[in-house]
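Have a look at the structure below, then the notes.
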Amino acid sequence: MTASYAPCPVCDAEVPVPPNPVLSELLVCESCSVALEVRALDPVVLDEAPQEEEDWGQ
Amino acid sequence: MTASYAPCPVCDAEVPVPPNPVLSELLVCESCSVALEVRALDPVVLDEAPQEEEDWGQ
Amino acid sequence: VVIVKVGGGKGLNLEGLAEDVARLDEGVLIVHGANAWRDELAERLGVRLEVLTSASGYASVLSDEPLMELMLMAYAGLRNKRLVEALLRRGVRAVGLTGLDGAVIRGRRNAAIRAREGDRIVLKRDLSGKPREVNAALLHLLLAAGYTPVLTVPIADENGFAVNSENDEVVALLQETFRARCVVHLIEAEGFLADRSDPASAIASLSRDELARLEADAPGRFRRKLRAILRTLEAGPVWVAIADGRAPHPLEGALSGKGTVIQ
Amino acid sequence: VVIVKVGGGKGLNLEGLAEDVARLDEGVLIVHGANAWRDELAERLGVRLEVLTSASGYASVLSDEPLMELMLMAYAGLRNKRLVEALLRRGVRAVGLTGLDGAVIRGRRNAAIRAREGDRIVLKRDLSGKPREVNAALLHLLLAAGYTPVLTVPIADENGFAVNSENDEVVALLQETFRARCVVHLIEAEGFLADRSDPASAIASLSRDELARLEADAPGRFRRKLRAILRTLEAGPVWVAIADGRAPHPLEGALSGKGTVIQ
């Protein structure tokens, strides 16, 4: 199993994807440390993971 | 404590009242076996005890 | 208007009922029970329900404070809002109400219950009552604005206290007020069973007199239901159905004549 | 119209509030919580509530199925109907509604919750959401006919499912719709406490800016309440009071300036 990667939607870095990822799995981009969600498989597509109550943050 | 009695509202018999009766206490008239409720004290007044759901009987 | 009484058992198909109501283009008034949920909750909470058999053979649960709490949780909370949710998910804007809400069902508190205190028996007024009055104005207001009232116990007694009551009697009272064209009782059987132990013995139809004779010697709880249905019939010409609430489309089935029709 | 938010603690004085509402001659909209009853019920039923602290420091309980059941029982069943009963006993015809009823409060389901599955973290959509829309027509219909709406969670999500939400945000949404002259938050303290551990440190009044500063570093749950109150203030000129819900006449006290006034 060659390690696979997917682009980080925020900083474009190559994010390592663990073997047999699952939909909605949470990953973290090591370079910009944004939380990412696996939105699609084959190929793996990453998107920013929603905050729990994102609009409560600010 | 002389035993006290009260008239049965249904058959007029003398119903024996136990010592220091309480309001809403349930008694039974031995002669006509109707269930009676203590509605007043000094003197004791008896009335027919309501059925649980009296209008469902018939 | 169609009045639908939904039984309180676990087998009742709320989703199917909600679909049927969504397809119906006339006003619907729903009354529902939840005794299976109440009993399950009582068990989980370790609350003992005291079942009394009244002198005249009617069975009822002693409506004390703990029971009222269970009833608020199981009837007014869980079951009422799950039915409202099932209806809303299919575009039916249901409004769940107990008899307390807007005093929509008012009644008179029952007479006493016999309770042992030391070596005496003392009559205790418990928290149960008979439904006497419907706030028809509120129900008409909601129906006219396109809402579907979903009613359940408790009702309000003469002083505004929550009291337990018999949902089937609430249905009879509603019929006296609304003169619905039909009243459907959804139960966990295919209809009125000639032999209660034989699920396939549902009777196709019953006249009022036959129902009156059956009521006379029906056992405790069921007798109260038949008595209330008789009262519904007395309120004027109506088509009453006792049908299978477990069917995929329980209301549509009942309205198309499935189950037992009483006229 | 006056909007009253009643906290979910055991110390809130419903009887006193009911008396105050009975004496008030303007329309009242009540929103109430019941978290103390929910937590007690969870304990009695052996249900474990999972409290999550979101990335941005907001605390919330994971709204999974068991929690929704507890909420329906404690908020929509127990607490809602006991408040309706207290009001009815004093001649106030209250109508208890969750957001589901008549879709009176609709919202959007929240984004995901982080859940650990084996060695992974997977985002789970739980049953919580933000209130977005009020069915003002239904509330006006009831108020105009002399009824007092008594609202609580759950609300309805975009597909009509029951979802948990924050009652204080329901209050803010109601204010945006009803522009009440005043919004009263009844809590188990004499007002906004300068020092949360000192019950006697209630502040007499706060400006919006002071409130905004306090909100920035308030702890989890309380921060959400202050944020919702800020939103209430943004909806237009209003007189907001945070007052003692344990007082003999909590609402009258608040309306006469007791507790913390925010303008």
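Values quoted throughout were computed directly from the atomic coordinates according to the rules given, and no laboratory measurement underlies them. Computed from a predicted structure; not experimentally measured. Every residue, glycine among them, receives a Cβ derived from its backbone with ideal geometry; neighbour counts consider all protein chains shown.
When DSSP beta bridges are restricted to pairs lying wholly in the range C:2-262, around 45% turn out antiparallel. The two copies C and D are related by a rotation, and the chain C beta carbon nearest its axis, with distance in whole angstrom, is C:Gly77, 1. Under a model in which nothing but the beta-carbon of Lys, Arg (+1) and Asp, Glu (-1) is charged, the protein assembly as shown shows a dipole of about 860 debye around its Cα centre.
Sorted shortest first, the separations between the A:Leu23 label point and its copies elsewhere in the assembly read 6.9 nm; each point sits 7 Å from Cα along the Cα-to-Cβ line.
Taking Lys and Arg as +1 and Asp and Glu as -1, the other residues whose beta-carbon sits under 12 Å from that of A:Ala40 total -3. Taking every residue in C:65-72 and counting other chain Cβ atoms within 10 Å of its Cβ, the average works out to 3.
Label zone of D:Asp119 (point 7 Å out along Cα→Cβ, amide N under 16 Å): in the range A:4-25 this covers A:4, A:16-22. Might you list the cysteines of the protein assembly as shown that have no disulfide-compatible partner by the rule of another cysteine's Cβ under 4.7 Å? Within the protein assembly as shown, the cysteines lacking a partner Cβ under 4.7 Å are C:Cys182, D:Cys182. Arranged from fewest to most other beta-carbon atoms within 10 Å of their beta carbon, D:Ser197, B:Ser33 become D:Ser197, B:Ser33. Full extension of the chain between D:Glu43 and D:Ser205 gives 54.5 nm of extra length, using 0.36 nm per residue less the Cα-Cα distance. Across the range D:75-174, C-alpha contacts under 8 Å between residues 6 or more apart give a mean separation that, scaled by the residue count, equals a relative contact order of 33 percent.
A Gaussian network model of chain D, with springs between Cα atoms under 10 Å, assigns the largest mean-square fluctuation among D:Val150, D:Val238, D:Val163 to D:Val238. When the charge dipole of the range D:2-262 is built from unit charges on Cβ atoms (+1 for Lys and Arg, -1 for Asp and Glu) and taken about the Cα centre, the candidate among D:Val183, D:Ala42, D:Leu87 whose Cα reaches farthest toward its positive end is D:Ala42.
Sparsely packed loop sites in the range C:182-263 (the trypsin sites (Lys or Arg not before Pro) outside DSSP H, G, I, E and B with at most 13 other Cβ atoms within 10 Å) comprise C:Arg196.
In this assembly of identical copies, the label point of D:Arg196 (Cα plus 7 Å along Cα-to-Cβ) is separated from its counterparts by 5.8 nm, sorted shortest first. Using a 7 Å projection from Cα along Cα-to-Cβ, the label point at D:Ala22 is separated from the same position in the remaining copies by 4.4 nm, smallest value first. Each other residue within a Cβ distance under 13 Å of C:Arg246 adds +1 if Lys or Arg and -1 if Asp or Glu, for a net charge of -2. The calculated FRET efficiency for the pair B:Glu14 and C:Asp217, based on their C-beta separation and a Förster distance of 35 Å, comes to about 0.35.
Quick one: dipole size for chain D, taken about the Cα centre, charges +1 on Lys/Arg Cβ and -1 on Asp/Glu Cβ, in debye to the nearest 20.
Dipole about the Cα centre, nearest 20: 320 debye.
Among the residues of C:88-94, the average count of other protein chain beta-carbon atoms within 10 Å of the residue beta-carbon is 5.
Pairs exceeding a 21 Å alpha-carbon distance, out of C:Lys225/C:Lys258; D:Lys124/D:Lys225; D:Lys5/D:Lys258; C:Lys5/C:Lys225; C:Lys81/C:Lys225; C:Lys10/D:Lys124: D:Lys124/D:Lys225; C:Lys81/C:Lys225; C:Lys10/D:Lys124. Annotation note: GluC sites (Glu not before Pro) in the range D:1-109 located in DSSP loop regions with a Cβ neighbour count of at most 14 within 10 Å are D:Glu26, D:Glu50. Can you compute the FRET efficiency between A:Val28 and D:Glu50 using 1/(1 + (r/R0)^6), with r the Cβ-Cβ distance and R0 = 30 Å? Round to the nearest 0.05. That pair, A:Val28 with D:Glu50, gives E of 0.85. With a Förster radius of 41 Å, plug the Cβ-Cβ distance of C:Arg90 and C:Gln263 into 1/(1 + (r/R0)^6) and report the FRET value to the nearest 0.05. Efficiency, from the Cβ-Cβ distance: 0.85.
State whether the range B:1-52 is rounded, prolate or oblate according to the following rule on the C-alpha gyration tensor (a ≥ b ≥ c being the square roots of its eigenvalues): a/c under 1.5 gives rounded; otherwise a/b larger than b/c gives prolate, and the remaining case gives oblate. Write down the numbers at each step before the final one.
Details: a/c = 1.86, a/b = 1.24, b/c = 1.50.
It is oblate, given that a/c is not under 1.5 and a/b is not larger than b/c.
Counting neighbouring beta carbons within 10 Å and listing from fewest to most, the residues A:Asp12, D:Asp209 come out as D:Asp209, A:Asp12.
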